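A.B. asks: Please read through the structure below; I'll follow up with questions.
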Amino acid sequence: MSLADSRTLEAIEFAGVRDRVVGLTHTERGKTFAADLLPLTDFAAVRREQLRTEALRSLLVAGELQLMRAVETAPLTAAAQVGRALTGSELRAVGDAVAAAAAAHRAAREHPDLADVVAAYTPLRELQRGIVDALDERGVVLDRASPALGRIRRGLAQAQGDARDRLGAILNSSKHAKAIQDRIVTIRNGRFVIPIKAESAGSVPGIVHDTSASGQTLFVEPLAALEANNRVRTLQIDEEREVRRILEALSGEVGRNATAIEANVEMLAAIDLLAAKAKLAQRTNALVPELTDDAVLTIERGRHPLLDERAVPQSLALDDATRLLVISGPNMGGKTVALKMAGLFVVMAYCGMQVPAAPGTRIGRFERLIADIGDEQSLVANASTFSAHLQRMREILDGAGAQTLAIVDEIGGGTEPSAGAALARAMLERLLDCGARALVSTHSVELKLFAHSTPGVANASVRFDPVTFAPTFELDAGSPGQSLAFPLAVRLGIDAGIVERAAELLERRERDYEAALAELAVRSAELRESRLSLEAERREASSELARLRQERDELERQRARFSASAEERLQQSLRDFVRELQRRASESGMGSERKRKGKVSPSQTALLAQTLEAIRRDLGIVPDANAAPAEQTFSPGDRVRVVSLNQEGTVAEDYEERLLVSVGSMKMVVDKSDVRREGSAVAAARSAGAAHARLSAAARTSEALDVRGKRYAEAEPLVERWIDDALLAGNSPLRLIHGKGTGMLGRGLQEYLRAHPAVKSLRYGSEEEGSTGVTMIELRT
């Protein structure tokens with residue numbers, strides 16, 4: 001039993017979708033497969049086919065599959081099997097099909113979802129190579145097809161040259177000049193001849209092979225060229241015999257491998273069909289629907305696959321809560337399009353095709369899809385009488401069950417409205433009793449009320465602008481549609497008096513119903529506008545939040561880079577300070593005992609304070625407003641941290657406003673305000689200092705530094721500080737002006753800069769930038 005009968009497939013216009021798949025195939029057998037495409041009945045097979053289509057789509061996106069054209073090989077392999085010799089073009093077509101199958105197999109063999117598709121493939125490399133080596137693209141047998149053929153053709157070319165030379169000598173001979181009609185050598189009956197005037201026939205001894213239409217020219221093979229022509233003809237016969245032998249041999253190989261060839265072409269056609277489905281999915285921006293064992297149909301912003309850019313997204317749902325959906329509203333609003341789209345999505349999914357919809361689209365397991373669609377505004381005209389409509393409804397009801405999806409357009413139409421509505425309601429109640437799922441469209445007020453009051457049944461309407469009454473072709477779930485007969489009549493120019501009279505004739509209950517629907521439509525439009533506005537504001541807020549988070553992350557990265565740079569600067573200055581202490585101790589002849597103790601003198605303490613103050617100025621670090629008060633007391637052995645040095649130490653002595661602190665093997669005197677007990681908020685001080693340092697560096701640094709007239713020893717520390725400031729401020733590129741002179745200063749600074757870890761590249765300036773008197777520097781940022 002098939003999922004959908006031919007009338008259903010015709011009603012939903014599946015042939016239009018199938019034709020698009022046919023047009024995207026490359027092989028003749030693939031076209032046949034596509035033309036015979038029908039929905040599968042085994043839901044497990046549907047799942048497999050969806051996986052295969054997605055696998056082919058991934059190969060196409062990655063550029064790993066290029067399908068080649070291939071003819072239908074079945075008649076050719078069958079002929080070769082019974083011993084008929086194929087022509088060169090037929091053999092080449094078989095070879096091309098074998099090559100196309102091999103290429104498809106190479107592309108698909110590694111994908112696990114295609115393993116079953118390529119399982120029957122048999123390598124035919126020798127057959128493919130034999131055909132390609134022997135025949136060109138047109139099927140002409142090549143010289144390399146056999147050694148004998150090569151020798152024959154070389155001899156034939158030489159013999160033809162000899163024949164032309166003999167005839168050319170006759171043409172150029174003065175003896176026969178008057179008898180020659182034209183000085184050309186031509187061929188008649190496979191032999192080289194020359195044109196002789198009819199009145200001079202006896203002047204050139206030879207054999208007449210043809211005459212011109214006028215009878216004025218004879219085509220004569222001179223006796224002098226007879227031997228050369230005989231040799232040409234003999235070699236031509238040998239060539240024909242060898243070519244026939246080669247074609248027969250290749251045909252025999254095709255016949256012996258016919259079964260494998262057909263299996264490979266069958267695999268190629270299956271790949272071709274899957275690739276065509278994948279290409280159509282790419283072109284329509286389709287996706288793999290979620291397949292579920294429940295009898296559900298959920299379409300999120302689905303687009304009718306035959307309407308292309310004209311398609312308006314529509315959403316609908318059938319599930320356990322809503323087993324039957326009644327779609328109402330005026331004609332030309334999109335009801336029929338929605339019904340056909342729903343049917344097409346189910347059939348396409350069961351054919352292994354992806355559907356043009358948004359994520360969240362679900363298609364469940366149905367055993368039967370049956371449709372009755374036919375009205376004046378259908379995409380393909382399909383007139384239907386009321387009796388035919390009833391006959392189709394009988395077919396729907398007879399086979400209805402829990403796995404049935406019924407689609408009916410204008411149910412109960414074509415007869416007296418009240419009788420048709422009553423009959424339609426009774427049929428819908430039967431569908432509910434059977435557990436079936438159904439999509440129906442109607443104009444009937446009775447059916448709209450039935451949908452509103454019956455559990456498991458829901459209304460939906462095609463959307464119209466409440467002011468202009470123009471259709472939007474979208475569906476509104478949960479609300480019935482207005483007929484809009486009176487507003488549309490006014491809009492189309494019907495006399496207002498006629499419309500007013502018609503409204504009076506309408507029963508009061510129906511007038512109240514239409515008025516309520518009109519009010520509902522206005523409120524629905526207002527709520528929709530409000531929702532769209534809120535969604536836009538939410539998207540804008542999300543975008544702004546993402547931007548702020550990005551800026552925050554960038555500031556955090558800058559802070560981290562600056563903190564690392566400042567820490568390195570402090571450590572370098574501390575190392576320089578220790579070296580200076582050692583140098584001064586050496587110059588003053590300081591005793592070994594004093595060196596061993598490493599006690600800092602008042603002058604050294606002053607130098608340390610001076611150095612730290614210079615570092616603070618360099619980094620833009622201001623004193624901590626929350627510094628510890630100087631009057632706090634410390635005891636020898638207390639663990640502290642010297643803030644300015646970011647070093648841990650131990651208190652040795654308390655000198656009221658200052659402390660003697662041991663930092664490693666060195667002792668120094670520091671202000672109490674520069675000391676924190678271990679565990680205090682040193683990290684906060686460093687963070688504040690880093691921010692001030694960056695601001696200070698940005699204010700102090702510049703993109704250019706002029707060191708002209710300075711010695712290298714004077715210029716090097718200036719350049720180092722300049723680069724450090726530029727790193728903190730984020731300046732790059734930089735311009736170092738050192739002048740030309742002897743070139744020693746520029747070369748020395750360039751050597752220093754090449755070894756600097758912060759320098760990415762450097763070069764001399766261009767003529768406009770200062771030539772060799774300037775070095776352009778790019779820093780690592």
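A.B. asks: Here are ALA102, ALA97: which of them is in contact with a Lys or Arg (Cβ under 8 Å, 6 or more places away or on another chain) and either at pLDDT 95 or above or assigned to a helix (DSSP H, G or I) (or both)?
C.D. replies: Checking each option against the conditions leaves just ALA102.
A.B. asks: Continuing with the same structure: Which of (1) surrounded by 13 or more Cβ atoms within 10 Å (Cβ to Cβ); (2) under 30 Å from ALA74 (Cα atoms); (3) touching a residue at least 12 places away in the same chain (Cβ under 8 Å) does GLN181 not meet, given it meets every other one?
C.D. replies: (2)
A.B. asks: Go over the candidates ARG153, ARG164, ARG138 one by one and state the one that is touching a residue at least 40 places away in the same chain (Cβ under 8 Å), basic (Lys, Arg), within 18 Å of GLY190 (Cβ to Cβ) and open to solvent by 30 Å² or more (accessible area, probe 1.4 Å). Walk me through how you get there before you give the answer.
C.D. replies: Working: ARG164 fails: touching a residue at least 40 places away in the same chain (Cβ under 8 Å); ARG138 fails: within 18 Å of GLY190 (Cβ to Cβ).
Within the list ARG153, ARG164, ARG138, the selection yields ARG153.
A.B. asks: Return the pair list, or none, for Cβ contacts closer than 8 Å from residues in segment 388-401 that are among the charged types (D, E, K, R) to residues that are part of a helix (DSSP H, G or I), at least 6 apart or on different chains.
C.D. replies: Going by the 8 Å Cβ cut-off, the qualifying pairs are ARG392/ARG7.
A.B. asks: Please enumerate the residues belonging to segment 267-323 that are in a strand (DSSP E or B), out of contact with any Phe, Trp or Tyr (no Cβ under 7 Å at 6 or more places or on another chain) and over 30 Å from ARG69 (Cα atoms). Full working, then the answer.
C.D. replies: Keep residues of segment 267-323 that are in a strand (DSSP E or B), which gives 287, 290-292, 297-302, 314-318.
Now narrow it down to the ones that are out of contact with any Phe, Trp or Tyr (no Cβ under 7 Å at 6 or more places or on another chain): 287, 290-292, 297-298, 300-301, 314-318.
Hits for segment 267-323 are GLU290, LEU291, THR292, LEU297, THR298, GLU300, ARG301, GLN314, SER315, LEU316, ALA317, LEU318.
A.B. asks: Follow-up. Please go through segment 452-465 and give me each residue that is at pLDDT below 75, crowded, with 18+ Cβ neighbours inside 10 Å and either on the phi > 0 side of the Ramachandran plot or touching a helix residue (DSSP H, G or I) at 6+ places or on another chain (Cβ under 8 Å) (or both), ordered by number. Outline the logic, then answer.
C.D. replies: Taking segment 452-465 as the starting set, the residues that turn out to be at pLDDT below 75 are 463-465.
Then keep just the ones that are crowded, with 18+ Cβ neighbours inside 10 Å; that gives 463-464.
PHE464 - this is the single residue of segment 452-465 that is at pLDDT below 75, crowded, with 18+ Cβ neighbours inside 10 Å and either on the phi > 0 side of the Ramachandran plot or touching a helix residue (DSSP H, G or I) at 6+ places or on another chain (Cβ under 8 Å) (or both).
A.B. asks: Please find, within segment 45-77, the residue that is farthest from the chain's Cα centre (by Cα) out of those that are open to solvent by 50 Å² or more (accessible area, probe 1.4 Å) and aliphatic (A, V, I, L, M).
C.D. replies: VAL71
A.B. asks: Could you identify the single residue in LYS277, LYS340, LYS335 that is touching a residue at least 60 places away in the same chain (Cβ under 8 Å), within 23 Å of ALA108 (Cβ to Cβ) and not aliphatic (A, V, I, L, M)? Spell out how you get there, then give the answer.
C.D. replies: On the way: LYS340 fails: within 23 Å of ALA108 (Cβ to Cβ); LYS335 fails: within 23 Å of ALA108 (Cβ to Cβ).
Among LYS277, LYS340, LYS335, only LYS277 is touching a residue at least 60 places away in the same chain (Cβ under 8 Å), within 23 Å of ALA108 (Cβ to Cβ) and not aliphatic (A, V, I, L, M).
A.B. asks: Assuming LEU24 fulfils every condition listed in (1) within 34 Å of the chain's Cα centre (by Cα); (2) modelled with pLDDT under 95 apart from one, which condition is it?
C.D. replies: For LEU24, the failing item is (2).
A.B. asks: Based on what the data block shows, is GLU716 of a type in the set (Asp, Glu), more than 23 Å from LEU555 (Cα to Cα) and open to solvent by less than 50 Å² (accessible area, probe 1.4 Å)?
C.D. replies: Yes, satisfied.
A.B. asks: Turning to a different aspect of this structure: Go through (1) open to solvent by 30 Å² or more (accessible area, probe 1.4 Å); (2) modelled with pLDDT of 70 or more and name the single condition GLY420 misses.
C.D. replies: (1)
A.B. asks: Could you check segment 739-770 and list, in sequence order, the residues that are in contact with a Gly (Cβ under 6 Å, 6 or more places away or on another chain) and modelled with pLDDT of 85 or more? Full working, then the answer.
C.D. replies: Going residue by residue through segment 739-770, those that are in contact with a Gly (Cβ under 6 Å, 6 or more places away or on another chain) are 739-740.
Scanning segment 739-770 gives a single hit, GLY739.
Yes/no per residue for (1) part of a helix (DSSP H, G or I); (2) farther than 30 Å from ALA163 by Cα; (3) open to solvent by 40 Å² or more (accessible area, probe 1.4 Å):
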{"residue": "PHE219", "(1), (2), (3)": "no, no, no"}
{"residue": "THR234", "(1), (2), (3)": "yes, no, yes"}
{"residue": "ARG241", "(1), (2), (3)": "yes, no, yes"}
{"residue": "ALA249", "(1), (2), (3)": "yes, yes, yes"}
{"residue": "VAL265", "(1), (2), (3)": "yes, yes, no"}
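A.B. asks: Any residue in segment 344-371 that's modelled with pLDDT under 95: show its pairings with residues that are among the basic types (Lys, Arg) and open to solvent by less than 10 Å² (accessible area, probe 1.4 Å) at Cβ separation under 7 Å, as long as the two are six or more apart or on different chains.
C.D. replies: Cβ pairs passing all conditions: none.
A.B. asks: Restricted to segment 732-781, and to residues that are of a type in the set (A, V, I, L, M, F, W, C) and exposed (fewer than 13 other Cβ atoms within 10 Å of the Cβ), which residue is nearest to VAL719 (Cα to Cα)?
C.D. replies: Residues of segment 732-781 of a type in the set (A, V, I, L, M, F, W, C): 734, 736-737, 744-745, 749, 753, 755, 758-759, 762, 774, 776-777, 779.
Next cut, exposed (fewer than 13 other Cβ atoms within 10 Å of the Cβ) only: 744, 755.
On the way: MET744: 16, ALA755: 13 Å.
So the residue we want is ALA755.
A.B. asks: Considering LEU397, LEU447, which residue is open to solvent by less than 20 Å² (accessible area, probe 1.4 Å), at pLDDT 85 or above, assigned to a helix (DSSP H, G or I) and hydrophobic (A, V, I, L, M, F, W, C)? Reasoning before the result, please.
C.D. replies: Details: LEU397 fails: open to solvent by less than 20 Å² (accessible area, probe 1.4 Å).
Step by step, each of LEU397, LEU447 is checked, and only LEU447 is open to solvent by less than 20 Å² (accessible area, probe 1.4 Å), at pLDDT 85 or above, assigned to a helix (DSSP H, G or I) and hydrophobic (A, V, I, L, M, F, W, C).
A.B. asks: Just to check your reading of the model, which residue among PRO305, PRO289 is touching a strand residue (DSSP E or B) at 6+ places or on another chain (Cβ under 7 Å) and buried (at least 21 other Cβ atoms within 10 Å of the Cβ)? Can you show your working first?
C.D. replies: Working: PRO305 fails: touching a strand residue (DSSP E or B) at 6+ places or on another chain (Cβ under 7 Å).
PRO289 is the lone residue from the list that is touching a strand residue (DSSP E or B) at 6+ places or on another chain (Cβ under 7 Å) and buried (at least 21 other Cβ atoms within 10 Å of the Cβ).
The values are calculated or read from the model by the stated rules, or taken from the named source; none is laboratory data. Keep in mind that what you see is a predicted model, and the values were worked out from it rather than measured. When we count neighbours, we look across all protein chains shown, and the Cβ atoms used for this are built from the backbone with ideal geometry, even at glycine. Ligands, DNA and RNA are excluded from the accessible area calculation, which covers all protein heavy atoms including side chains. Shrake-Rupley method; radii C 1.70, N 1.55, O 1.52, S 1.80 Å.
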